[in-house]
1. Please give the calculated 222 nm ellipticity per residue for the chain, where each DSSP H segment of at least 4 residues contributes -39500 (n - 2.57) and the sum is spread over every residue; nearest 500 deg cm²/dmol?
2. On C-alpha positions alone, give me the angle between the axis of helix 77-87 and the longest principal axis of the chain, in degrees, nearest 10.
3. Under 5 Å between amide hydrogens, which residues at least 5 positions from Arg273 or on another chain qualify, with H placed 1.01 Å from N in the peptide plane?
4. Would you mind telling me which residue in Cys220, Cys176, Cys162 has the biggest mean-square fluctuation in a Gaussian network model of the chain, where springs connect alpha carbons within a distance under 10 angstrom?
5. Once a ≥ b ≥ c are taken as the square roots of the eigenvalues of the Cα gyration tensor of the range 211-253, is the result rounded (a/c under 1.5), prolate (a/b larger than b/c) or oblate (a/b not larger than b/c)?
6. Each residue of the range 149-165 in turn: what ³J(HN,Hα) in whole Hz from Karplus with 6.51, -1.76, 1.60 and θ = phi - 60°, glycine and Pro shown as x?
7. Mind running the shape call on the range 123-194? Use the C-alpha gyration tensor, a ≥ b ≥ c as the square roots of the eigenvalues: rounded below 1.5 for a/c, prolate if a/b tops b/c, oblate otherwise.
8. Compare Glu54, Glu154 by solvent-accessible area with a 1.4 Å probe and give them largest first, with all protein chains kept in place.
Amino acid sequence: MSGSRRSFFRDLASVVASAKDATAPPPEPEPALPAADLTEAEIERYSRQLVLPEWGAAAQLALSEASVLVIGAGALGAPVALYLAGAGLGRMGIVDDDAVELSNLHRQLLHFTPDLGVAKAESAAAKLRFLNPDVVVEPYQLRVDAENVAGLLEGQDLVVDCSDSFATRYAVNAACCAARVPLVEAGVLGMSGMVMSIRPGRTACYRCAFPVEPRDAPRCADAGVLGPAAGVVGSLQALEAMKLLTGMAPAIADGFLSVDLATAEFVRVRTSRRGDCPDCAEV
Ligand SMILES: [Zn+2]
């Protein structure tokens, strides 16, 4: 941080402090971190999130014991995987059957020009291990479908679906509902997107919100997508995953967040469970 910015924040803090009631009791001392459960290196690596009242050591330990499956190592999968690995997730499976292409690089931040032709799952795993060697990263070079998705869910505490097809989303939603594995869904196109958290059996699932696949839905390759739009939506997905795994804040459940980055409008759309939902009604 530059000297001028540092002094700005210092001045701002002193103004805020002087505005407080001088008779107010002194603030409570910061709770000590349970050093017995976190190593010195972990305390330093995660210090900026550990000091957050919403996070703290309990959330850190919960994240370190969690297993998450990230489906897709592309535009959404990149911020999801990077933030979860950076934050100290215990184990991450990352699934993708594609290889890195030149047209991916403007938005898929896990892959660099020297990675062209490399399997995305392997390219992603290599970067994530560089970022945080304490995370166990398991790459799976395969295409998720209705046949294999149930097996992939075994042992997972959460799934983050970063795929780009409705067929995959419906297959993942159905399998997560059947296995009662929490799920974060999202989609991005152009400069807009959506994010939705699902607790099977407790909150509306993806099919409750979107009972049928939209007709003639445009594809990324045809309609285009801006890198920062995918970054925003993927970052929201990562945050939802951290909320669901730790309980640090309420997730976007029983509805979804609609994000329009052209107008900078974020709209919370409510929905509820459907009694006739083929995926979650019996869960
Ligand atoms: Zn449902």
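The values are calculated or read from the model by the stated rules, or taken from the named source; none is laboratory data. Note that this is a predicted model, so its numbers are computed, not measured. Just so you know, the surface numbers come from the protein's heavy atoms only, side chains and all, with ligands and any DNA or RNA stripped out. Shrake-Rupley method; radii C 1.70, N 1.55, O 1.52, S 1.80 Å.
1. For the chain, the value works out to -11000 deg cm²/dmol.
2. Taking Cα atoms only, the helix is inclined about 30 degrees.
3. Those lying under 5 Å, H to H, from Arg273 are Ala204.
4. Cys220
5. oblate
6. Ordered by residue, 3J(HN,Hα) equals 5, 4, x, 5, 7, 4, x, 8, 8, 6, 10, 10, 8, 10, 6, 10, 9 Hz.
7. Oblate.
8. Of Glu54, Glu154, the descending order of accessible area is Glu154, Glu54.
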